[in-house]
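Heads up, the thing below is written out as structure tokens.
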Amino acid sequence: MSAAPGRPKQARTAAGGEGTPVSVARPPEEARTAGRKAEGTPEFVPFLDLAAGYAELQADIEAAVLRSLRSARYIGGEEVEGFEAEFATFTGARHCTGASNGLDALSLALRAMDVGPGDEVIVPSNTFIATWFAVSQCGATPVAVEPIETTGNIDPARVAEAVTPRTKAIIPVHLYGQPADMDPLWAIARQHGLRVLEDAAQAHGALYKSRRVGATTDAAAWSFYPGKNLGAFGDAGALTTDDATLAERVRALRNYGSQQKYVSDVQGGNQRLDPVQAAALRVKLKALPRWNARRAEIAARYLKDLAGVEALGLPEVPQWATPVWHLFVVRTPHRDALQKHLAAAGVETLVHYPIAPHMQKAYAHAGYRLGQFPIAERLAAQVLSLPMGPHLTDAQQGYVIDTIRSFAPVAR
């Protein structure tokens, strides 16, 4: 299954990583002038083609958005409630509460779990910085734990060593769309009376031991940033949980601490899911299983055709995991040179993420030092995300693979 190779080129767009503005992707100047075009060779391979996804569902998306606009319910209402019910069913959770974005979903959940000043929350050393920010915004302290290098996900053995009397919760991240190993983490949490909040921002539909992530622990926070497997047309997020009390607390916190208009029981905020985004997400949710299946096909081809390439580390998938391949991330000590080589050939790639959270200026006050989390630092220096998305064509992917194989430092 692949999209037709002859789609109009001017409609292509690409998304940066979470926190990056979505912009029109244009081939770099060197790709336009290198004179290396051959018949049938893609002129430009975008990292992610958002325009193609919109074009595929355009009629249904526009009808849903128009329905929302005509309803005159511009805060909450049927579209938000409908999406919450449908996404809860999709994940297998009893409750879904929409939020303004993934970071807010995380911070709302932590506040609803009574995480605050003086508490510690265990987080991965290798993640998008929003995971850490959610903890800090609650007044708690993020405690970093190194990942398993071959998967990028938090190492449960190291988590057990990081628990202290001040630990209140664990936030595992299902990085790149591959589930973290939840059973040992859940066992640690039960042993110490901790809460587990999954950061599932990249894992819409991923399976952990045949169960969809999002309903296996206390709660899961989701991002619907446009570049996600299930992406809105702006910022959006949600929390899923089986805990009715937790869900109701989040509902109040996202809405000025109020469940009854003008009556605020706690100090909340304005972090609600927009109904226009909810309407569009309801349409895209129906396409998500099919789009995830296409991502799996693309990942399988990358794994097969790039196997054995020297100095190129490929993702490893445990038998119990079914990823949804939000990202396909390779590792190489020649990352910067490989990225430049691909860019010169018209292949767009991204780095997720170039600076480990503990090395960000935002956490300079914490006194972290270079070398304190060597696995996260090594991944930050070596990871490269290849083009991935349900509308990447077979021809485009073949060109990406051939271009990587032609790069001397990793060529066989």
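Regarding residue 353, is this residue in a loop (DSSP other than H, G, I, E, B), open to solvent by 10 Å² or more (accessible area, probe 1.4 Å) and in contact with a Ser or Thr (Cβ under 8 Å, 6 or more places away or on another chain)?
It is true that residue 353 is in a loop (DSSP other than H, G, I, E, B), open to solvent by 10 Å² or more (accessible area, probe 1.4 Å) and in contact with a Ser or Thr (Cβ under 8 Å, 6 or more places away or on another chain).
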Qualifying positions in the range 66-83 - open to solvent by 10 Å² or more (accessible area, probe 1.4 Å) and not hydrophobic (A, V, I, L, M, F, W, C): 67, 70, 71, 73, 74, 76, 78, 79, 81, 82
Residue, surrounded by the most Cβ atoms within 10 Å (Cβ to Cβ), within the range 395-405, restricted to residues that are closer than 28 Å to residue 148 by Cβ and touching a Pro at 6+ places or on another chain (Cβ under 8 Å): 400
State the number of residues belonging to the range 274-287 that are surrounded by fewer than 20 Cβ atoms within 10 Å (Cβ to Cβ) and farther than 22 Å from residue 108 by Cβ. 3
Identify the single condition in (1) within 20 Å of residue 155 (Cα to Cα); (2) crowded, with 18+ Cβ neighbours inside 10 Å; (3) among the hydrophobic types (A, V, I, L, M, F, W, C) that residue 392 does not satisfy, given that it satisfies every other one. (1)
Do we have residue 97 as buried (at least 24 other Cβ atoms within 10 Å of the Cβ), farther than 30 Å from residue 150 by Cβ and among the β-branched types (Val, Ile, Thr) here? yes
Pairs only if they're at least six apart or on different chains, beta carbon under 9 angstrom, first in the range 67-89 and within 10 Å of residue 278 (Cα to Cα), second open to solvent by less than 100 Å² (accessible area, probe 1.4 Å) and among the basic types (Lys, Arg); list them, first residue then second. 76/272; 79/282; 80/272; 82/282; 83/282
Residues that are in contact with a strand residue (DSSP E or B) (Cβ under 6 Å, 6 or more places away or on another chain), at pLDDT 95 or above and outside any loop (DSSP other than H, G, I, E, B): does the range 49-72 have at least one? no
In the range 302-320, the residues that are part of a helix (DSSP H, G or I) and crowded, with 17+ Cβ neighbours inside 10 Å: 302
Quickly run through the range 321-348 and pick out the residues that are touching an Asp or Glu at 6+ places or on another chain (Cβ under 8 Å) and open to solvent by 20 Å² or more (accessible area, probe 1.4 Å). 343, 344
Say we look at the range 196-219 and pick out the residues that are in a strand (DSSP E or B) and out of contact with any helix residue (DSSP H, G or I) (no Cβ under 7 Å at 6 or more places or on another chain); which of these is surrounded by the most Cβ atoms within 10 Å (Cβ to Cβ)? 198
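Checking the conditions here, which among 40, 92 is modelled with pLDDT under 95, open to solvent by 40 Å² or more (accessible area, probe 1.4 Å) and on the phi > 0 side of the Ramachandran plot? Steps first, please.
Working: 92 fails: modelled with pLDDT under 95.
Checking each option against the conditions leaves just 40.
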Pairs, first over 28 Å from residue 51 (Cβ atoms) in the range 263-291, second assigned to a helix (DSSP H, G or I), C-beta under 7 Å, six or more apart: 265/252; 266/252; 266/253; 268/252; 268/253; 269/253; 271/104; 271/108
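Hey, could you check the range 229-273 for residues that are charged (D, E, K, R) and more than 14 Å from residue 94 (Cα to Cα) and say which is surrounded by the most Cβ atoms within 10 Å (Cβ to Cβ)?
Applying the filter and picking the extreme gives 254.
Of all the residues that make up the range 375-395, how many are in a helix (DSSP H, G or I) and within 23 Å of the chain's Cα centre (by Cα)?
Going through the range 375-395, the residues in a helix (DSSP H, G or I) turn out to be 375-382, 394-395.
Add one more test, that the residue is within 23 Å of the chain's Cα centre (by Cα), and what stays is 375-382.
Of the residues in the range 375-395, 8 are in a helix (DSSP H, G or I) and within 23 Å of the chain's Cα centre (by Cα).
I'd like the full set of residues that are surrounded by fewer than 16 Cβ atoms within 10 Å (Cβ to Cβ) and either in contact (Cβ under 8 Å) with a residue 60 or more places away in the chain or touching a Phe, Trp or Tyr at 6+ places or on another chain (Cβ under 8 Å) (or both), limited to the range 356-371. Write out each step before concluding.
Kept after step one, since they are surrounded by fewer than 16 Cβ atoms within 10 Å (Cβ to Cβ), are these residues of the range 356-371: 360-362, 364-367, 369-371.
Answer for the range 356-371, where residues must be surrounded by fewer than 16 Cβ atoms within 10 Å (Cβ to Cβ) and either in contact (Cβ under 8 Å) with a residue 60 or more places away in the chain or touching a Phe, Trp or Tyr at 6+ places or on another chain (Cβ under 8 Å) (or both): 360, 362.
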Based on this model, can you work out whether residue 252 counts as farther than 25 Å from residue 66 by Cβ, in contact with a strand residue (DSSP E or B) (Cβ under 9 Å, 6 or more places away or on another chain) and free of Cβ contacts under 8 Å to residues at least 24 places away in the same chain? yes
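Please work out which residue is least open to solvent (accessible area, probe 1.4 Å), limiting yourself to the range 110-166 and to residues that are acidic (Asp, Glu) and under 23 Å from the mean Cα position of the chain (by Cα). Reasoning before the result, please.
Residues of the range 110-166 that are acidic (Asp, Glu), as a first pass: 114, 119-120, 146, 149, 155, 161.
Next cut, under 23 Å from the mean Cα position of the chain (by Cα) only: 146, 149, 155.
Values: 146: 15, 149: 52, 155: 32 Å².
Of everything passing the filter in the range 110-166, 146 is least open to solvent (accessible area, probe 1.4 Å).
The values are calculated or read from the model by the stated rules, or taken from the named source; none is laboratory data. These figures come from a predicted structure and were not determined experimentally. Cβ atoms come from the backbone with ideal geometry, glycine included; neighbour counts cover every protein chain shown. For accessibility, only protein heavy atoms count, side chains too; no ligands or nucleic acids. Shrake-Rupley method; radii C 1.70, N 1.55, O 1.52, S 1.80 Å.
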